[in-house]
Amino acid sequence: MESKIEAATGKLVVKKVGGKSTVTRCFSKYPLKFIIPNKVGSSETDAVWVYTLTYGGGIVSGDSISCEITVADACTAVLTTQASTKVYKSLGSKSSEQILEVLLEQGNITNIAERMQDYQVIAMVILLGPKLKQIQIQVQENVRRMMSEQLYLPSTGLRPHGKTQSDHFLAKPSFVVSCSAFGPKGIGIVVRIAAMTTESVYRFLQHQLAGMETLLGVSPYS
């Protein structure tokens, strides 16, 4: 098993070379492979795009893929796939695993921490298809109502420094969510969430997706 893991390991390093984000080290072995296009987007964009793929059309029984990505300070890297990753049925007692470790230099970690502030959870949910239309409408209405109530809150009673009931203040919400339609005739919606606790995200999803139980047989977040 140790030799198999070593054979499947991939390593990638992105550093600044001549003022541009550049892949300075690229190593991979079967069944993992990196594809790094020479150009994605405009030449003015400083971003390295890396596509990962696996031989066999996906993760097959017994595959053990370990990938380490290092991104230096002030660099930009996009790690993606050419399509959705397929995971095939396990045969016998063979299991499959995929491990991704991303190392960011201190400058990047600080910037991310500053931009995230107190928010600890980022989530995205996509609801697509005509069967989910009613749930999509309900989620959109709920999100619109939630954010209108949370972002602008009227003060109640006398507040410090002589503020009265007529004053309003912009509160920093512990849970932020947005919702937008996409596709032909708005066939799908994408819900983006930023929250300070995982529990609040679970509660939100459990409530918003409860209507899917009739389609799935059980609640997605029971």
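When Thr110 is tested against (1) in a helix (DSSP H, G or I); (2) surrounded by 11 or more Cβ atoms within 10 Å (Cβ to Cβ); (3) modelled with pLDDT of 60 or more, only condition (3) is not met. Has region 149-166 got at least one residue that is at pLDDT below 80, closer than 30 Å to Val14 by Cα and part of a helix (DSSP H, G or I)? No; the residues of region 149-166 include none that is at pLDDT below 80, closer than 30 Å to Val14 by Cα and part of a helix (DSSP H, G or I).
Might you check whether a residue that is in contact (Cβ under 8 Å) with a residue 12 or more places away in the chain and in a strand (DSSP E or B) occurs anywhere in region 38-47? The answer is no, given that none of the residues of region 38-47 is in contact (Cβ under 8 Å) with a residue 12 or more places away in the chain and in a strand (DSSP E or B).
Going residue by residue through region 28-36, is there one that turns out to be free of Cβ contacts under 8 Å to residues at least 40 places away in the same chain and of a type in the set (Ser, Thr, Tyr)? Checked against the condition, which is being free of Cβ contacts under 8 Å to residues at least 40 places away in the same chain and of a type in the set (Ser, Thr, Tyr), region 28-36 yields at least one hit.
Of the numbered criteria (1) open to solvent by 30 Å² or more (accessible area, probe 1.4 Å); (2) more than 30 Å from Leu91 (Cα to Cα), the one Val60 fails is (2).
Taking each residue of region 61-77 that is within 12 Å of Pro31 (Cβ to Cβ) and in contact (Cβ under 8 Å) with a residue 24 or more places away in the chain and looking for partners that are open to solvent by less than 10 Å² (accessible area, probe 1.4 Å) and not in a strand (DSSP E or B) with beta-carbon atoms closer than 6 Å, six or more apart or interchain, yields Asp63/Pro31; Ser64/Ala8; Ile65/Ala8. The set of residues in region 63-76 being open to solvent by 30 Å² or more (accessible area, probe 1.4 Å) and in a strand (DSSP E or B) consists of Ser66, Glu68, Thr70.
Scan region 27-44 residue by residue and report those that are of a type in the set (A, V, I, L, M, F, W, C) and surrounded by 15 or more Cβ atoms within 10 Å (Cβ to Cβ). Talk me through it step by step, then tell me what you get.
Here is the first cut: in region 27-44, the ones of a type in the set (A, V, I, L, M, F, W, C) are 27, 32, 34-36, 40.
Across region 27-44, the qualifying residues are Leu32, Phe34.
Being within 21 Å of the chain's Cα centre (by Cα), at pLDDT below 90, over 14 Å from Gly10 (Cβ atoms) and surrounded by 13 or more Cβ atoms within 10 Å (Cβ to Cβ) is a property that holds for Ala47.
The values are calculated or read from the model by the stated rules, or taken from the named source; none is laboratory data. All values reported here derive from a predicted model rather than from experimental measurement. So basically every Cβ, Gly included, is an ideal-geometry build from the backbone, and we count neighbours across all protein chains shown. Ligands, DNA and RNA are excluded from the accessible area calculation, which covers all protein heavy atoms including side chains. Shrake-Rupley method; radii C 1.70, N 1.55, O 1.52, S 1.80 Å.
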